[in-house]
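Just so it is clear, none of the values below were taken in a lab; they were calculated from the coordinates. Values in this document were obtained by computation on a predicted structure and should not be read as measured data. Backbone-built Cβ (ideal geometry, glycine too); neighbour counts: all protein chains shown.
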Amino acid sequence: MSRFGNDPLSFFNAVYEATPPWDIGMPQPAMSDLLATYPPAGPILDVGCGSGDLSIYLARLGHKVLGVDFVEAAITGANKKLASLPSELASLVTFKVADALKPSLLEEQFGAIVDSGFLHLFDTMQGERFVAELGEILLPKGRYYLHAFSIDFQIPGVPRKIDADEVQTLFTAEKGWQIKDIQSAQFLSRVAEPVPAICACIERL
């Protein structure tokens with residue numbers, strides 16, 4: 001059973017019946033700051049894109065972006081936002097219902113992958129498989145941008161802690177990675193105080 005019960009899709013479908021607490025109407029500032037410090041190359045994959053604010057932000061910077069999420073309501077909301085944008089901007093973004101935990105199934109390669117609150121939804125073993133998939137779809141010198149909780153809450157239905165030690169274990173030179181930076185950060189919410197978080201930029205060798 002996952003952190004979100006026997007049926008995670010049902011859990012997240014229920015969350016999207018209202019505005020999710022992590023949907024703050026803009027990209028997480030910590031992720032925006034990380035991207036400004038370590039500029040990405042396109043095309044960009046946004047895993048667990050939710051209602052699309054980060055994808056649209058990246059398009060405004062001139063990047064071609066694919067945002068994927070397994071929650072149909074999230075993608076519907078993202079496409080509504082897209083429809084309100086100028087056509088030349090909207091043409092840079094595609095939103096798709098897909099399993100972001102298995103990005104190799106997209107059969108595309110990317111210059112960057114952004115992960116704002118995705119990896120921390122999964123247990124360690126799932127995370128290891130996900131990182132292996134990232135290595136398959138990132139172009140050489142492509143970058144993975146991580147933003148995740150760095151604290152554990154002893155309640156169900158909440159993401160887990162990811163710390164610097166885990167990042168350094170997942171992304172080693174032997175596995176073809178170079179960690180550019182790991183930073184302490186915050187994860188903002190509409191309904192609670194900011195959560196201690198970690199940000200990292202990791203490059204594919």
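T94 to D152: FRET efficiency via 1/(1 + (r/R0)^6), r the Cβ-Cβ distance, R0 35 Å, to the nearest 0.05?
FRET efficiency, T94 to D152: 0.50.
Can you count the Lys pairs in the chain whose Cα atoms are under 15 Å apart, with each pair 8 or more apart or on different chains?
For the chain, the number of qualifying lysine pairs is 5.
Percent antiparallel among DSSP beta bridges with both residues in the chain, to the nearest 5?
50
Return the loop-located GluC sites (Glu not before Pro) in the range 57-146 (DSSP other than H, G, I, E, B) with at most 13 other Cβ atoms within 10 Å of their own Cβ; answer none if there are none.
For GluC sites (Glu not before Pro) across the range 57-146 that sit outside H, G, I, E and B with at most 13 neighbouring Cβ atoms in 10 Å, the list reads E107, E108.
Which one, S104, P86, A30, is farthest towards the positive end of the dipole of the range 1-108 when Lys and Arg carry +1 and Asp and Glu -1 on their Cβ?
P86
Between T124 and S10, 0.36 nm times their residue separation minus their Cα-Cα distance comes to what?
Result: 38.8 nm gained on full extension.
Quick one: if you stick a label point 7 Å off each Cα along the C-beta vector at F70 and K175, how many nm between them?
According to this spin-label approximation, the distance is 2.0 nm.
What full-extension length gain, to one decimal in nm, is calculated for K102 and Q186 as 0.36 nm per residue of separation minus the Cα-Cα distance?
27.6 nm
Amide H neighbours of W177 under 5 Å, at least 5 residues apart or on other chains, H built in the peptide plane: list them.
Here the answer is T172, L205, since their amide H atoms fall under 5 Å of that of W177.
Summing -39500 (n - 2.57) over the DSSP H runs of n ≥ 4 in the chain and dividing by its residue number, what mean residue ellipticity at 222 nm do you reach, to the nearest 500 deg cm²/dmol?
For the chain, the value works out to -8500 deg cm²/dmol.
For I24, I182, I155, I44, which order do you get if you count the other beta carbons within 10 Å of each Cβ and list the fewest first?
Fewest-to-most Cβ neighbours within 10 Å comes out as I155, I24, I182, I44.
Taking H placed 1.01 Å from N in the peptide plane, check which residues at least 5 places from V65 or on another chain put their amide H under 5 Å from its amide H.
It is I44, V93, T94, by chain and number.
Compute the distance from the alpha-carbon center of the range 99-114 to that of the range 1-75, in whole Å.
When both Cα centres are located, 14 Å separates them.
Residue by residue, what Karplus-based ³J(HN,Hα) values in Hz, rounded to whole numbers, does the range 7-20 have, using 6.51, -1.76 and 1.60 with θ = phi - 60° and x for Gly and Pro?
9, x, 4, 4, 4, 6, 4, 5, 4, 7, 5, 10, 7, x
Can you tell me the dipole magnitude for the range 34-124 around its Cα centre, using point charges on the Cβ only (Lys, Arg +1; Asp, Glu -1), in Debye to the nearest 20?
Charge dipole, the range 34-124, about its Cα centre: 280 debye, nearest 20.
For the range 98-107, what does the Karplus curve 6.51 cos²θ - 1.76 cosθ + 1.60, with θ = phi - 60°, yield as ³J(HN,Hα) per residue in whole Hz, taken in order and with x for Gly and Pro?
Going residue by residue, I get 7, 7, 5, 6, 10, x, 5, 5, 5, 6 Hz, with x marking Gly and Pro.
What is the set of long-range amide H partners of F187 at a cut-off below 5 Å, with H atoms built 1.01 Å from backbone N?
The list, which skips near neighbours in sequence, is V195, A197.
Using the Karplus curve 6.51 cos²θ - 1.76 cosθ + 1.60 with θ = phi - 60°, work out ³J(HN,Hα) for each residue of the range 119-128 in order, rounded to whole Hz, and write x for Gly and Pro.
Taking θ as phi minus 60°, the curve returns 4, 6, 7, 10, 6, 4, 5, 4, x, 5 Hz for the range 119-128.
Count charges around G67 for me, please; just the other residues with Cβ under 10 Å from its Cβ, Lys/Arg as +1, Asp/Glu as -1.
Neighbourhood net charge equals -2.
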